[in-house]
Amino acid sequence: MHATAVVRRRVLSLIAALAVVLAAGVVPAAAEGPAVSSATPTISGTPRVGSTLTAKAGSWTSGATLKYQWRADGKAISKATSKSFRPTTTQKGKRITVTVTGSKSGYTSVSKTSAATKKVILAPTPKVTGSAKLGSRLTVKRGTWTSGTRLKVQWYADNVAIPGATSTTFTVTSSQQGKKIFARVTGSRSGYPTVKRDSAVTKQVKLVDTSSRASVDAAYTKILAPALKKSTGWTGKTSSCKVGTESSSSKKATLDAVNLMRAMVQLDGVRFNSTWNKEALRNSLMMEARGEITHYPTKSGSCWSPVGADAAGRSNIALQWGGSLPAMTTGARGVVGYMVDAGSNNTVVGHRRWILEPSIAVMGTGSTNRASTLTVIGKSGLATSKYNAKPTWLEWPSAGYFPASIEPDGRWSLSASAAGADFSKAKVTVKTSSGRKLSVKKYGVVSYMGPETISFKVSGLSRPKGSAVATYTVSVTGIKGTPTSSYTYKVKLFNP
């Protein structure tokens, strides 16, 4: 009886010791030798149905064989014995762990289990329906998520969030020109991971295709012509220096005009900033009240304000003296004026170049009855997007079909996206469709506004009559700092 009691106590002692070991997460397979050196595994990835989780075993004894077993709420998942695991709907709402067992001859095998993930969430890929065209409405279908999940929507254009676009529907504007759109749905619920799911991107939004006469005609007729008819709707007064407001339809018309000009040379659209708009309007009020146009207004004149004066130095500005309303310097009409860049002091077409700056993403506008301010530079510099398209060449008039009604009276230009472009030694020739060479006067090259540009005056242009097309071939040679040292293109003027 005494010997039996001793044996019983030893057995109970061994059982107790084994329990302690098991509680520590270390399971010896056999007392073969020292235990395998081990680490607690971790799990990378998001616990979402259809998403891949990966076990990171950590540092184990060199040469040890590692085996994996995935578990849901502590229960082993059948056949889930690989380093990675993709949860299915069976694991929805459960926490996932992975157990790693290391073994090596002469060593005691050891198993370690990771910490549990958050609960597996059901988060499907959203789908966008609708056409990526100006004025079209896109709709995001969010799909069925885990019950109780709070969902938020944000629309993006070329990976940049569109301000205020947080509804399940979104209407395409001219600001999305050149961009591809997608919707991001973010789901959150306590105990589950916060998940962001992106829809597939739409086709690229294109306001116009200059290789197609019909496309240019349609863009002019549907976008620019209506925009040019919009009055500013300004509610301010110069007599009392009341800044008032510009109508939203006028600001939209201006934005559409800017973005159509950019689309003509394959540039991305821009958006207007509401703060910049207010600052720009204050400068326009000041210009109209004074009958003076300057980038450096003094305090001594009427309606001076610090924000207006500051905006004057960062903007394209225009003012009309006399004449009937709506002024040809305001709203969308002012944009066309900037692109023409008439006048002896505008030979380097600085206004045009700022509108055609490839990287720019944000502008501001403010038009009174006779004055306009188009802010192109923020207080800390250009507001740009790294996703913006940067075509090698930016022609004006643009290559392909071009409305004769906005041809800039022979003041043509070619810009380059490359920062190191050098047109100082470049030569320009312009020929008619019959091969006749026209007279070209090259203006001086200035490098501090917008993209590097060469501007030149073409004499002898003939405007097309009726449905005819006037084609001109432009060749610029001797260019430095660009992929090619020369560029030849055709401009096809027609009456839209």
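The values are calculated or read from the model by the stated rules, or taken from the named source; none is laboratory data. Note that this is a predicted model, so its numbers are computed, not measured. All Cβ positions, even for glycine, are placed from backbone atoms using ideal geometry, and neighbour counts span all protein chains on display. In case anyone asks, the SASA skips ligands and DNA or RNA and just uses the protein heavy atoms, side chains included. Shrake-Rupley method; radii C 1.70, N 1.55, O 1.52, S 1.80 Å.
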Given the conditions (1) closer than 28 Å to residue 229 by Cα; (2) within 33 Å of the chain's Cα centre (by Cα), every one holds for residue 348 apart from (1)
Specify the residue that is farthest from residue 287 (Cα to Cα); the eligible residues are those in segment 310-325 that are open to solvent by less than 50 Å² (accessible area, probe 1.4 Å) and of a type in the set (A, V, I, L, M).
311
Working only within segment 404-440, note down all residues that are polar (S, T, N, Q), within 16 Å of residue 489 (Cβ to Cβ), more than 34 Å from the chain's Cα centre (by Cα) and part of a loop (DSSP other than H, G, I, E, B).
433
Checking the conditions here, which among 260, 255, 207 is part of a loop (DSSP other than H, G, I, E, B), buried (at least 21 other Cβ atoms within 10 Å of the Cβ) and within 21 Å of the chain's Cα centre (by Cα)?
207
If you go through segment 301-308 one residue at a time, do you hit one that is under 21 Å from residue 363 (Cα atoms), over 30 Å from the mean Cα position of the chain (by Cα), part of a helix (DSSP H, G or I) and of a type outside the set (A, V, I, L, M)?
yes
Subset tally (residues that are within 38 Å of the chain's Cα centre (by Cα), part of a loop (DSSP other than H, G, I, E, B) and in contact (Cβ under 8 Å) with a residue 40 or more places away in the chain) for segment 448-462:
3
In segment 153-165, what count of residues is obtained for those that are open to solvent by 40 Å² or more (accessible area, probe 1.4 Å) and either closer than 17 Å to residue 200 by Cα or of a type in the set (A, V, I, L, M) (or both)?
4
Is it the case, given these coordinates, that residue 189 is among the charged types (D, E, K, R), over 30 Å from residue 222 (Cβ atoms), open to solvent by 50 Å² or more (accessible area, probe 1.4 Å) and within 16 Å of the chain's Cα centre (by Cα)?
no
Need pairs with beta-carbon distance below 8 Å; first residue basic (Lys, Arg) and within segment 415-427, second open to solvent by less than 30 Å² (accessible area, probe 1.4 Å) and at pLDDT 95 or above; sequence gap 6+ or separate chains.
427/476
Can you name the residue in segment 140-167 that is within 19 Å of the chain's Cα centre (by Cα) and polar (S, T, N, Q) and is also modelled with the lowest pLDDT among such residues?
159
Test for residue 359: is it among the polar types (S, T, N, Q), closer than 20 Å to residue 315 by Cβ, at pLDDT 95 or above and open to solvent by 10 Å² or more (accessible area, probe 1.4 Å):
yes
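Per-residue answers, yes or no, for (1) hydroxyl-bearing (Ser, Thr, Tyr); (2) open to solvent by 20 Å² or more (accessible area, probe 1.4 Å); (3) assigned to a loop (DSSP other than H, G, I, E, B):
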| residue | (1), (2), (3) |
| --- | --- |
| 275 | yes, yes, no |
| 288 | no, yes, no |
| 298 | yes, yes, yes |
| 348 | no, yes, yes |
| 354 | no, yes, no |
